[in-house]
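Since every read-out is calculated from the coordinates, none of them should be taken as a lab result. These numbers were taken from a predicted model, which means no experiment stands behind them. Backbone-built Cβ (ideal geometry, glycine too); neighbour counts: all protein chains shown.
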Amino acid sequence: MTAMRPRLATLAIHSVLSAYTLVAILPILLVLMNSFKARNAIFAAPLMPPLGTTFSLVGYAKVLSTAHAGTYFANSMLVTLISMFLVLLFGAMAAWALTEYKVRGTTLLAIFLSIGIMVPIRLGSVAILTMMRRLGLNDTLIALILVYVAQGLPMAIFILSEFIQQIPRDLRDAARCDGVPETLIFFQVIAPLLRPAIATVAVFTIVPIWNDLWFPLILTSSERTHTITLGVQQFLGQYITDWNAVLAALSLAILPVVVIYILFSRQLISGLTAGAVK
Amino acid sequence: MTPASAAVPSMPKMRLVAMLGLFLGPAVAVYTLFSIYPLIATMALALYTTGPDGEYHFVGLDNFRLLLGDRDWFGPFWNALRNNALFFAVHMLVQNPIGIALAALLSLPDIAFRSTYRTLIFLPTMLSVVIVGLAWNLILSPLWGVASGLLKVFGLGFLFAPWLGLEWSALPTLALISVWQFVGIPLMLIYAALLNIPEDLVNAARVDGLGQFRIFLHVKLPLILPTIGLVSILTFVGNFNAFDLVYSVKGALAGPNFATDILGTFFYRTFFGNQLQVGNPTMGATVATAMFFVILTGVCLYLLFVQRRMLRHTF
């Protein structure tokens, strides 16, 4: 049935798609390219790649020597990874319970848990700050992790429930007949099968954690606890006239995300289009 | 309520409840303590004011009367709400149509490099709003001259203006930057919905002599309406909760002259204070509560009208 499209139509489709692709990546390329150039070249020929004499790492040297880039990066890493682990663990456990052990009230509980998908946790910031101060967690990474786990759980539970429903019943029933305890069924039979869902959960709950500005701005006050997003934002405020440093700081924030994204894009995108939100 | 599994009903009720507690406990505890409780506590705080003694005093709905009735409060609030509505309108009119169009093209049969296009177009969505905002701030800066240089290549150099700095264009420009970043979300969700359409339907339409464009308009589009509804409500919630972009590009004062002030920045200024005012937790809580009701109204309208109409449409 296919392959009847005229050549001209194919050409038109590809020109639209590649034009938009260029629009999507040119700004990112522009920042990355110019971060490796000397100041003169940044302004004289912004569209040229860094070659020979125009190549320079002066911006990176400046960023790495003045800003606490290492600390910020480690903080972001720590917060994101621990939050991700807890969101996936608690989320999968809850999703399993909600789909497997149905009693009166589980539907209500599911609705209660889904409030957080639509109502942003940011609106509770005033009370969150008061609470963290009272708990003595103000200006700690633990405060960020607690808030991010609470923020990520509703969406994670929603996505993971869809995945768990697709797992064939026989698998768990067979294990039950063999007398395997419930906790082992979850951790050894079900949890490994959820691996494909991790990508989808990551896009919807983990990426926003890495990228967040609001909670680090509100809950962390010292440089010791800043994350990379907040660090870059503040660094740029201070060095706005130093174009080399500014471009290098932006690139340092962009590069890890781009590299991880390109490496895992196949899984990420198939996860997004397969079982995500229908 | 029917048990999900054949083996579960044999489980004693007590054990079932114990399992529920064990598996649901951690998630429900963290979520309730750090998400639901702060929301309720914030709304409760909106009913108090800080007296001269530094203690909270109950004042009923006085804060809301102030926010909606006092000129010094209502002016900025209304300005932020209006700006936010414009911000949302740009997303609905630009982001979602572009997302639908790109998804329609990508889901056509036999498109070479399909996954390359998908991967690259989705890339900006993965980046931090802060980084994206700051990068565009540089690109659009008259100092660097990249944007004006590119326009000159097409003979359109006269069109260039420092868009982010001008009162009339700053907000639409920020909205378009956000559109540029998030077009990947409607693209992916609608692409997935298009792939789920049964092939028989499309083939039947083709046998009837419909071209690809009319197949999209008359067969596929009606079937993906629920997804478009979902994309719209996600856009709405995201937009009325936005903050990072305006804050990182224009600062807490959302300049020039509050032209880019949206509810998120207004909330931040009220709560934390800035060069012009001292932070006010109770009024901050009041603004947050007002934002909650704005978002709630949107979600309810979606659930009541959009989703119900769509259910009727599909069945």
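Mean residue ellipticity, 222 nm, helices only, the protein assembly as shown: the sum of -39500 (n - 2.57) across DSSP H runs of n ≥ 4, divided by residue count and rounded to 500, is -21500 deg cm²/dmol. Quick one: pull the percentage of alpha-carbon pairs in region B:91-167 with a separation above 16 Å. So the pairs more than 16 Å apart make up 67 percent of the total in region B:91-167. Using a Gaussian network model of chain B in which every pair of alpha carbons under 10 angstrom is joined by a spring, one finds that among B:Leu225, B:Leu16, B:Leu303 the greatest mean-square fluctuation is at B:Leu16. Using just the C-alpha positions of region B:192-315 as equal point scatterers, what log10 of I(q)/I(0) does the Debye formula give at each q in 0.15, 0.20 1/Å? Scattering profile of region B:192-315, log10 relative to I(0): -0.79, -1.06. Its Cα gyration tensor gives the protein assembly as shown an equivalent ellipsoid. The semi-axes, each the square root of 5 times an eigenvalue, are 38, 34, 25 Å from largest down.
Scanning residues 5 or more positions from B:Gly273 or on other chains, those with amide H under 5 Å from its amide H are B:Gly279, B:Asn280, with H placed 1.01 Å from N in the peptide plane. Under a Gaussian network description of chain A, with springs only between Cα atoms under 10 Å, the residue in A:Val23, A:Val189, A:Val63 that fluctuates furthest is A:Val23.
Computed over chain B, the percent of Cα pairs more than 29 Å apart is 55. Mind pulling the angle between the C-alpha long axis of helix A:141-166 and the longest principal axis of chain A? Nearest 10 degrees, somewhere in 0 to 90. Relative to chain A, helix A:141-166 is tipped by roughly 60 degrees.
Rounded to two decimals, the Cα radius of gyration of region A:1-136 over 2.2 N^0.38 Å is 1.81.
Entry note, chain B: relative contact order of 23 percent, from Cα contacts under 8 Å with a spacing of 6+ residues.
When B:Leu210, B:Leu174, A:Leu17 are sorted by how many other C-beta atoms sit within 10 angstrom of their C-beta, beginning with the fewest, the order is B:Leu210, A:Leu17, B:Leu174. With contacts taken as Cα pairs under 8 Å and at least 6 residues apart, region A:65-274 reaches a relative contact order of 32 percent.
According to the calculation over all Cα-Cα pairs in region B:28-106, the P(r) per 10 Å bin from zero is 15, 21, 27, 22, 11, 4, 0 %.
Springs join every pair of Cα atoms under 10 Å in this Gaussian network model of chain A, and among A:Arg39, A:Arg169, A:Arg224 the largest mean-square fluctuation is at A:Arg169. Going by neighbour counts of Cβ atoms within 10 Å, the residues A:Asp173, A:Asp178 line up, fewest first, as A:Asp178, A:Asp173.
For the residues of B:181-192, the average number of beta carbons from a partner chain within 10 Å of their own beta carbon is 3. Taking all Cα pairs closer than 8 Å and separated by 6 or more residues, the relative contact order of region A:37-158 comes to 34 percent. Legend: Rg and Dmax of region A:128-278, from Cα coordinates, 20.3, 70 Å. Using the alpha-carbon atoms, what tilt in degrees (0 to 90, nearest 10) does helix A:7-35 show relative to the longest principal axis of chain A? Long axis of A:7-35 versus the principal axis of chain A: about 70 degrees.
Each residue of region B:128-232 gets 154 Å³ once the volume of the Cα convex hull is shared out per residue. Shape class for chain A, computed from the alpha carbon gyration tensor (a ≥ b ≥ c): oblate, with a/c not under 1.5 and a/b at or below b/c. Label-to-label distance for A:Gln165 and A:Phe112 is 2.1 nm, based on points extended 7 Å past Cα in the beta-carbon direction.
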